[in-house]
1. Using beta carbons and a limit of 7 Å, which pairs, at least six apart or on different chains, have the first residue in region A:61-84 and more than 15 Å from A:F125 (Cβ to Cβ) and in the same structural domain as A:R107 (by TED's automatic domain parsing) and the second one in a helix (DSSP H, G or I) and among the aliphatic types (A, V, I, L, M)?
2. For region A:160-172, check the following and say yes or no: at least one residue is surrounded by fewer than 22 Cβ atoms within 10 Å (Cβ to Cβ), closer than 28 Å to B:I60 by Cβ and modelled with pLDDT under 90.
3. Would you check if there is a residue in region A:138-159 being aliphatic (A, V, I, L, M), more than 23 Å from A:A71 (Cα to Cα) and modelled with pLDDT of 90 or more?
4. What are the residues in region A:140-152 that are of a type outside the set (D, E) and either surrounded by fewer than 16 Cβ atoms within 10 Å (Cβ to Cβ) or within 22 Å of A:V35 (Cα to Cα) (or both), if any?
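The values are calculated or read from the model by the stated rules, or taken from the named source; none is laboratory data. Fair warning: this is a prediction, and the values are worked out from it, not measured in the lab. Cβ: placed from backbone, ideal geometry, glycine included. Neighbour counts: every protein chain shown.
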Protein chains: 2
Amino acid sequence: MGAAHALDALKVVLVAPRNPLNIGAAARAMSNFGVFELRLVNPYKVAFQEARSAVKAHQILENAKEFASVAEAVADCALVVGTTSLGPRALEHPLRRLEFGGKAIARKLAALQGQATGGGVALLFGSEKFGLSNEDMSHCHWLMRIPTREVHGSMNLGQAVAVCLYEIVRNPAAAKVAPEAKREATAEERERIAARLEEVLDRAGYVHTRTEGSTRMKIRRLIYRMRLNAHDAEVWLGMLRQILWKLDSRQ
Amino acid sequence: MGAAHALDALKVVLVAPRNPLNIGAAARAMSNFGVFELRLVNPYKVAFQEARSAVKAHQILENAKEFASVAEAVADCALVVGTTSLGPRALEHPLRRLEFGGKAIARKLAALQGQATGGGVALLFGSEKFGLSNEDMSHCHWLMRIPTREVHGSMNLGQAVAVCLYEIVRNPAAAKVAPEAKREATAEERERIAARLEEVLDRAGYVHTRTEGSTRMKIRRLIYRMRLNAHDAEVWLGMLRQILWKLDSRQ
């Protein structure tokens, strides 16, 4: 494989999908998350043809490969994972919740990337009505379950693909690098706002002489409790300056 | 709220959805993940009627409430989060990747659960074609982005709902958080402060007619970025009322 990107080794395999909208939706989610290899096992012919209209996912659908059996579809893969909505009791396979399964898949993809030769990771989704059969599952190393409610576990196919790919793609290490939004206002800036606000309230007759001391503290605490970035602090100061000017000009 | 389950406080808000399949898909994902309150702002009528056939999500669709504006749809919410496919450069709002935003929402839901009275968390999704408008976003405390590819960021609506709810639901750590000391100000309280501040600034000559529209949104965003508890909201309203009275009494 020697893939440029770890995700290049990931193959989404839809087993016997029947609804063109679902095939299209799966392809769209793949495009959203940067996974490009779609494989179809015995798709309902009409469905596959109609699916080709999915938003921005034409390429994925055009390049999709058809296979007659799960065995053939996953033949070149080093790891095969099936998805299911069933709880552990009904299954004879090792079952991982998506959070953990997704991590294991991501690790495997990263490991494969370093290798000169092959092996991909296949992620299998069953048909809308029946999910994966026991025969399909027998090709899987383990199964993965999205943590849905027990009373309504079965997800829409396109949504299940989206959620699984999101979990595999989201990379906590990369996410940590996300830039800080904006610098928080400094104590000095807060102090200036508090002082200006106090002046305004004084002119407006809000601050009574007798309770002046405690009012000042109340205002400061109020300003300190605000989550306030440096830019917003400037805006507040500008507004207060203008109000003060108006109050003074009318006396 | 005093909710039996933390997720009871979570409201999914679809703004101007047009496609019945997407409304149905959103409801289905909600049912999968145990989120039951769906709110629709100006849905395309036909779409809403046709959506009622979604698998196992009848109840959610039947109980869905319609609103004429975003303001009304989020009025009782202590936290309002918008979703977007845009990168940080295009936005004036704080932006969090879903991994972190989802955690923040889960923590908030856990905190709200301990409280006798109210406030929910609203999660906003824009229309299929245009996403959330600047006006819609001005009602949000912050925005959340699913880590999709830059060249194809825009997700299908139903899939975006599924991915966001999965991320919020999957996090068991959320439940560990202790309840907050004070109730956060609701969107309605923030709206009142924003309106009052706008009046004050208008009287003070800070708001110019030419830029009125954008100033209103700027003020709203400013107020939403503040961390503000219910008590402080009262204090702000009282101060603004007094300033307004003074400004008016001098004319």
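1. Pairs found: A:L61/A:A27; A:L61/A:A51; A:A78/A:L112.
2. yes
3. Yes - at least one qualifying residue is present in region A:138-159.
4. A:C140, A:H141, A:W142, A:L143, A:M144, A:R145, A:I146, A:R149, A:V151
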